[in-house]
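**Q** Mind looking over this structure? Questions follow.
The values are calculated or read from the model by the stated rules, or taken from the named source; none is laboratory data. Not measured: the values here are computed from a predicted model. Heads up, the Cβs are rebuilt from the backbone with ideal geometry, glycines too, and the neighbour counts pull from every protein chain shown. What goes into the accessible areas is simple: the full protein's heavy atoms, side chains included, and nothing from ligands, DNA or RNA. Shrake-Rupley method; radii C 1.70, N 1.55, O 1.52, S 1.80 Å.
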Amino acid sequence: MASRYAWVITQDLDNPYDEDTDLGLPTRVGVAGPGSATDEDVRRALTEGAFFRLLDDDGNPYYIGRCWSIDGPGCEDMFGPLDDYGRADVGATEIQYRVNGDWQPL
């Protein structure tokens, strides 16, 4: 059986305000993935998921969100937010997870 996972962007650090939509920069808060995630998977990400953030090659964080996998927090699926969304959208090169209050690379 294929692994099930989901992620959701909860903070858009690059564009945190909806007022910028006239510049063509709508906030990304609420974007979820992957496309195969069910509504239940997304709900689990929001309620049970680990906090993550995506960083660009200069180390600037762009997005914060939550990611959940049926296989647990240390599995390969936890790269999903980076692979499914971050590389293409912001050129993210690193994903970090919050562990005991500190951001650490996966």
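**Q** Before we move on, is Gly65 free of Cβ contacts under 8 Å to residues at least 60 places away in the same chain and within 9 Å of the chain's Cα centre (by Cα)?
**A** On the way: free of Cβ contacts under 8 Å to residues at least 60 places away in the same chain: yes; within 9 Å of the chain's Cα centre (by Cα): yes.
Spelling it out, Gly65 is indeed free of Cβ contacts under 8 Å to residues at least 60 places away in the same chain and within 9 Å of the chain's Cα centre (by Cα).
**Q** Can you list residue pairs whose Cβ atoms sit under 6 Å apart, with the first residue in the range 28-48 being in a loop (DSSP other than H, G, I, E, B) and the second being not aliphatic (A, V, I, L, M)? Count only pairs 6 or more apart in sequence or on different chains.
**A** From residues that are in a loop (DSSP other than H, G, I, E, B), the pairs are Arg28/Asp12; Val29/Asp12; Pro34/Asp84.
**Q** Of the residues that sit in the range 60-70 and are open to solvent by 40 Å² or more (accessible area, probe 1.4 Å) and at pLDDT below 95, which one is nearest to Leu106 (Cα to Cα)?
**A** Taking the range 60-70 first, the residues open to solvent by 40 Å² or more (accessible area, probe 1.4 Å) are 60-62, 66, 70.
Still in the running and at pLDDT below 95: 60-62, 70.
Details: Asn60: 16, Pro61: 15, Tyr62: 17, Ile70: 17 Å.
Top of the filtered list is Pro61.
**Q** Kindly evaluate Gly101 against the criterion of being buried (at least 20 other Cβ atoms within 10 Å of the Cβ) and either within 12 Å of Tyr5 (Cβ to Cβ) or small (Gly, Ala, Ser) (or both).
**A** For Gly101, the condition - buried (at least 20 other Cβ atoms within 10 Å of the Cβ) and either within 12 Å of Tyr5 (Cβ to Cβ) or small (Gly, Ala, Ser) (or both) - is not met.
**Q** Before we move on, is Asp20 outside any loop (DSSP other than H, G, I, E, B), surrounded by fewer than 19 Cβ atoms within 10 Å (Cβ to Cβ) and either modelled with pLDDT of 85 or more or not small (Gly, Ala, Ser) (or both)?
**A** Working: outside any loop (DSSP other than H, G, I, E, B): yes; surrounded by fewer than 19 Cβ atoms within 10 Å (Cβ to Cβ): yes; either modelled with pLDDT of 85 or more or not small (Gly, Ala, Ser) (or both): yes.
Spelling it out, Asp20 is indeed outside any loop (DSSP other than H, G, I, E, B), surrounded by fewer than 19 Cβ atoms within 10 Å (Cβ to Cβ) and either modelled with pLDDT of 85 or more or not small (Gly, Ala, Ser) (or both).
**Q** Determine, yes or no, whether Leu82 is under 10 Å from Trp7 (Cβ atoms), of a type in the set (A, V, I, L, M, F, W, C), in contact with a strand residue (DSSP E or B) (Cβ under 7 Å, 6 or more places away or on another chain) and surrounded by 14 or more Cβ atoms within 10 Å (Cβ to Cβ).
**A** Details: under 10 Å from Trp7 (Cβ atoms): yes; of a type in the set (A, V, I, L, M, F, W, C): yes; in contact with a strand residue (DSSP E or B) (Cβ under 7 Å, 6 or more places away or on another chain): yes; surrounded by 14 or more Cβ atoms within 10 Å (Cβ to Cβ): yes.
Considered against the rule, which asks whether it is under 10 Å from Trp7 (Cβ atoms), of a type in the set (A, V, I, L, M, F, W, C), in contact with a strand residue (DSSP E or B) (Cβ under 7 Å, 6 or more places away or on another chain) and surrounded by 14 or more Cβ atoms within 10 Å (Cβ to Cβ), Leu82 comes out as yes.
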